[in-house]
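Engineer: For reference, the structure I am asking about is given below.
No lab work stands behind these numbers, since they all come straight from the coordinates. Note that the structure is a prediction, hence the values are computed from the model and not measured. Note: ideal-geometry Cβ built from the backbone for every residue, glycine included; neighbour counts use all protein chains shown.
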Protein chains: 2
Amino acid sequence: MDKYIVNPWEVKGDIDYSKLIKEFGTEAINESLLKRIQKHTKELHPFLRRKIFFSHRDLNWLLDEYEKGNKFFLYTGRAPSGPIHIGHLIPWMFTKWLQDKFGAELWFQFPDEEKFLFKENLTLEDTKRFTYDNMLDVIALGFKVNKTKFLVDTVHAGVMYKEAVRVAKKITFSTVKASFGFDNQNNIGSIFYTAMQAVPAFLPSVLKKKNIPCLIPLGVDQDPHFRLTRDVIHKLGYYKPAIIHCRFLPGLGGMEKGKMSASDASTVIYTTDDEKTVRNKIMKYAFSGGQATIEEHRKKGGNPDIDVSYQWLTFFEENDKRLEEIYHSYKSGKLLTGELKQILVDKLNKFLKEHQKKREKAKKEIDKFMFKV
Amino acid sequence: MDKYIVNPWEVKGDIDYSKLIKEFGTEAINESLLKRIQKHTKELHPFLRRKIFFSHRDLNWLLDEYEKGNKFFLYTGRAPSGPIHIGHLIPWMFTKWLQDKFGAELWFQFPDEEKFLFKENLTLEDTKRFTYDNMLDVIALGFKVNKTKFLVDTVHAGVMYKEAVRVAKKITFSTVKASFGFDNQNNIGSIFYTAMQAVPAFLPSVLKKKNIPCLIPLGVDQDPHFRLTRDVIHKLGYYKPAIIHCRFLPGLGGMEKGKMSASDASTVIYTTDDEKTVRNKIMKYAFSGGQATIEEHRKKGGNPDIDVSYQWLTFFEENDKRLEEIYHSYKSGKLLTGELKQILVDKLNKFLKEHQKKREKAKKEIDKFMFKV
């Protein structure tokens, strides 16, 4: 019935995010919550102003605790299965902002077994390689080394597995079946996996022997894991983690294709793409909201709401005024599709040039970010 | 239909071991195999002579490899959920003999999450306590410290989990459902668990980066785990482990009650029971094959085949001739039940006195036995 699918293993179609809030049972981020956040952060991140982070669980409770002096830590992650594209960066850029604004410790999980368990042809050697590669992109975003801990499931299972079995004892196969659409042909590692993903949400509390609030910024497709495990974590005696959900950066092919997917190179800008590749991909593939001819465009104007280049600028152009100018200029027909694409190309290439420099430097930093037991 | 149940989580009834060989698809240990073993060990352990170890998988292959100079390692274990009783010791006593005779390294697993996952009321704090306690009994049996490595699942998950997910990827829920009688109400940790039990059978091969044959001595109730994972281990590129299965020491209450169960203190002799307790339990509870009165016993004789005290002596009296004398003496009515029980009491108390001394000493040895990554 739905024209879209959103779960941890599949995102497809033109997603109705307000409907998703109802389906998932989360809360919309409203103006009063934004004001409450702003009280602490002074400015609001564009992702908040623009409702790219659009939904949450228990964020008001988290701020209650914060205001009582009970600081939270951040938890997010990446299941390595390929190179990083700019869509992956969205929740992490926001997480970095949260780390800075709230002085929060970040636990970043690399569940290097997840995609191995869910993808037939992926080996643990592949995911190990991608873990290293993906870490470079995370570090390049500027997380504070003394406040950031990388957890790699197969490396840190020595501390994680024990906590995962506590979670696992309280979840039946029936429950994961219903939550994830599993069946009897699922392998027993994939069935267990959600317990491993729950662990970083309370591991700092275990290690520090006190209950610490947790905030998880993530793509909304990952919410089902925590819908399942938040109650379990609570039963184990820890706070339910608060969650803040973001929308997906659409693929180059357009909004109705769901999120950017690393498995289709032509719809994706990788963080390691060079200037020419970025330009070529956008010029060639970015779905346009413009008219068929220049004359028609000048007359009727373009449609920024379905134009991928414009949509991407809502993620990457931080200046609200500038973004608004572009919107109206395109809509009125003054700005042509090629010109709009060029704005995006310049924006992305500037960002990626910096990112790639930091990414190179990150090669020497990985060990400092790894959690030491 | 069957009057007995044998699986990793339940052993009940009067077990027909020859039927079990057919059901489980294992092979009986026959005279030619015994001779082949004896070629290497000079003498045969009473557990082999008496068919207490009665069944195997691939033992001839293991000896082929051994004869080619390809030495095997041993793997056995204990899922801690309570104190050790003398029934638990049977496979380990035999494992110790194999270690001595074949100069084999032993990997001893303490899967401290297993019983936690399968028993509602058991906590990980309980299983941790029992792990320590149970290790004392294992060490007391005299395993060589430089050839024995203890693996504790929650402690060694740092090396084990990665290998377990390789196993888990190749096992579906359908398969564990069929093998273990699981249903949708099983928790996801219990579903995953068999993958962790598979790991020590090839972990030494992983760590030493060469394929090393493995022999697993165990109670036949544990066979279903390996029936499931032997093929998987092979698919991962390692030898299928060979297995040698033993019968159960019956509980004091009699043969038809299945194996000795730690959950019923009156049917069990713990390794820490003092002399008086051992005497009292055996005199009071050991099921007797004798007659109702002394007169009748003298006339008709006793039945050693159903007499628990005699059956226990087949496990603990090493001298064949002495055992045969007792058999005939009891059968003829010459030996009374009380006298037979006294023979067993003396035998066990002598054994336990030594064991308890070694158990005390073992408290200082645990760390030396722990596998260091």
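Engineer: Treating the angle as unsigned and between 0 and 90°, give the value, to the nearest 10°, between the Cα long axis of helix B:275-285 and the longest Cα principal axis of chain B.
Structural biologist: Long axis of B:275-285 versus the principal axis of chain B: about 70 degrees.
Engineer: Say a label goes 7 Å from Cα toward Cβ at A:SER32 in every copy; what distances in nm does this one have to the rest, shortest first?
Structural biologist: Reported distances to equivalent positions: 8.5 nm.
Engineer: How would the range B:1-148 be classified by its alpha-carbon gyration tensor: rounded, prolate or oblate, with rounded meaning a/c under 1.5 and the a/b versus b/c comparison settling the rest?
Structural biologist: It comes out oblate by the Cα gyration axes.
Engineer: Work from the charge dipole of the range B:64-176 (Cβ charges, +1 for Lys and Arg, -1 for Asp and Glu, about the Cα centre) and give the residue of B:LEU136, B:HIS88, B:TYR75 farthest towards its positive end.
Structural biologist: B:TYR75
Engineer: Along the charge dipole of the range A:240-311, Cβ charges K/R +1 and D/E -1, which of A:ILE243, A:SER288, A:ALA265 sits furthest on the positive end?
Structural biologist: The listed residue farthest towards the positive side: A:ILE243.
Engineer: Please name whichever of A:PHE202, A:PHE192, A:GLY158 sits farthest to the positive end of the charge dipole of the range A:74-225, dipole taken about the Cα centre and charges placed at Cβ: Lys and Arg +1, Asp and Glu -1.
Structural biologist: A:PHE202
Engineer: Grab the other residues whose beta carbon is less than 9 angstrom from that of B:PRO8, score K and R as +1, D and E as -1, and report the net.
Structural biologist: Numbers: positive: none; negative: B:GLU10, B:GLU114, B:ASP221, B:ASP223.
Net local charge, B:PRO8 excluded: -4.
Engineer: Another one. Under the rule of at least 5 residues apart or a separate chain, name every residue whose amide H is placed under 5 Å from the amide H of A:LYS144.
Structural biologist: So A:LYS144 has HN proximity to no qualifying residue.
Engineer: Between A:GLU339 and A:ASP264, 0.36 nm times their residue separation minus their Cα-Cα distance comes to what?
Structural biologist: The span from A:GLU339 to A:ASP264 would gain 24.4 nm if fully extended.
Engineer: Also: How large is the dipole of the protein assembly as shown about the Cα centre if only Lys and Arg carry +1 and Asp and Glu carry -1, each at its Cβ, rounded to the nearest 20 debye?
Structural biologist: Once rounded to the nearest 20, the dipole reads 1620 debye.
Engineer: Choose one answer from B:VAL159, B:VAL345, B:VAL268: the residue with the largest mean-square fluctuation in a GNM of chain B with alpha-carbon springs under 10 Å.
Structural biologist: B:VAL159
Engineer: With chain B treated as a Gaussian network of Cα nodes joined by springs under 10 Å, which of B:LEU124, B:LEU236, B:LEU207 yields the largest mean-square fluctuation?
Structural biologist: So, out of B:LEU124, B:LEU236, B:LEU207, the one fluctuating most is B:LEU207.
Engineer: By how many degrees, 0 to 90 and rounded to 10, does the Cα axis of helix A:153-168 deviate from the longest principal axis of chain A?
Structural biologist: 70
Engineer: Nothing charged except the Cβ atoms of Lys and Arg (+1) and of Asp and Glu (-1): what's the magnitude of the dipole of the range B:327-373 about its Cα centre? Round to the nearest 20 debye.
Structural biologist: Dipole size: approximately 180 debye.
Engineer: Would you work out the relative contact order for the range A:134-228, in percent, from Cα pairs under 8 angstrom that are 6 or more residues apart?
Structural biologist: 29
Engineer: So, one more: Any idea what diffusion coefficient chain B gets from Stokes-Einstein, in µm²/s, Kirkwood Rh on alpha carbon pairs, 25 °C, 0.890 mPa s? Write out the running numbers ahead of the final one.
Structural biologist: Details: Rh = 21.6 Å.
Calculated translational D: 114 µm²/s.
Engineer: Using the Cα centre of chain A as the reference point, and only Cβ charges (+1 on K/R, -1 on D/E), how large is the resulting charge dipole? Debye, rounded to the nearest 20.
Structural biologist: For this selection, approximately 1080 debye.
Engineer: Calculate, for A:LYS372 and B:ARG129, the FRET efficiency according to 1/(1 + (r/R0)^6) with r their C-beta to C-beta distance and R0 35 Å; round to the nearest 0.05.
Structural biologist: 0.80
Engineer: If you put a point 7 Å past Cα along the Cβ direction, how far is that point for B:LYS209 from the same point in each other copy, in nm, smallest first?
Structural biologist: Counterpart label points of B:LYS209 in the remaining copies fall at 4.1 nm.
Engineer: Which peptide among B:219-227, B:238-246 comes first, and what is the full order, when sorted by highest mean count of other Cβ atoms within 10 Å?
Structural biologist: Ranking the peptides B:219-227, B:238-246 by packing returns B:238-246, B:219-227.
Engineer: May I ask you to derive the relative contact order of chain B, considering only C-alpha pairs under 8 Å and at least 6 residues apart, and to give it as an integer percent?
Structural biologist: 20
Engineer: Within 11 Å, Cβ to Cβ, of A:ILE233, how many net charges do the neighbouring residues add up to if Lys/Arg are +1 and Asp/Glu are -1?
Structural biologist: +3
Engineer: Can you give me the distance in nm between label points at B:LYS300 and A:ALA178, each placed 7 Å from the Cα along the Cα-to-Cβ direction?
Structural biologist: In this crude label model, B:LYS300 to A:ALA178 measures out at 5.9 nm.
Engineer: Residue by residue, what Karplus-based ³J(HN,Hα) values in Hz, rounded to whole numbers, does the range A:366-373 have, using 6.51, -1.76 and 1.60 with θ = phi - 60° and x for Gly and Pro?
Structural biologist: 3, 4, 5, 7, 5, 5, 9, 5
Engineer: Tell me, in nm to one decimal, what length is gained between B:ASN280 and B:THR293 on full extension, where the rule is 0.36 nm per residue of separation less the Cα-Cα distance?
Structural biologist: Taking B:ASN280 through B:THR293 to full extension adds about 2.6 nm, to one decimal.
Engineer: Please work out the Cα center distance from the range B:1-52 to the range B:153-232, rounded to the nearest Å.
Structural biologist: 22
Engineer: What whole number of Å gives the distance from the Cα centroid of the range A:84-140 to the Cα centroid of the range A:350-369?
Structural biologist: 14
Engineer: While we're looking at this one, here's another question. Can you compute the modelled spin-label distance between A:GLU10 and A:LYS353, with each label point 7 Å from Cα toward Cβ, in nm?
Structural biologist: 4.3
Engineer: Same structure, new question: Sort shortest first the distances from A:ASN303 to its counterpart in every other copy, using label points 7 Å along the Cα-to-beta-carbon line, and give them in nm.
Structural biologist: The projected label point of A:ASN303 is separated from its counterparts by 8.9 nm.
Engineer: Which ³J(HN,Hα) values, rounded to whole Hz and listed in residue order, are derived for the range A:206-213 from phi using the Karplus coefficients 6.51, -1.76 and 1.60 in 6.51 cos²θ - 1.76 cosθ + 1.60 with θ = phi - 60°, glycine and proline given as x?
Structural biologist: 4, 5, 8, 6, 8, 7, 10, x
Engineer: Here is a further query. Calculate the spin-label point distance for B:LYS35 paired with B:LYS147, positioning each point 7 Å from the Cα along the beta-carbon direction, and give it in nanometres.
Structural biologist: 2.7
Engineer: Now, a different point. As a test of the formula, what do you get for chain B when each DSSP H run with n ≥ 4 contributes -39,500 (n - 2.57) and the sum is divided by the residue count, at 222 nm and rounded to the nearest 500 deg cm²/dmol?
Structural biologist: -15500 deg cm²/dmol
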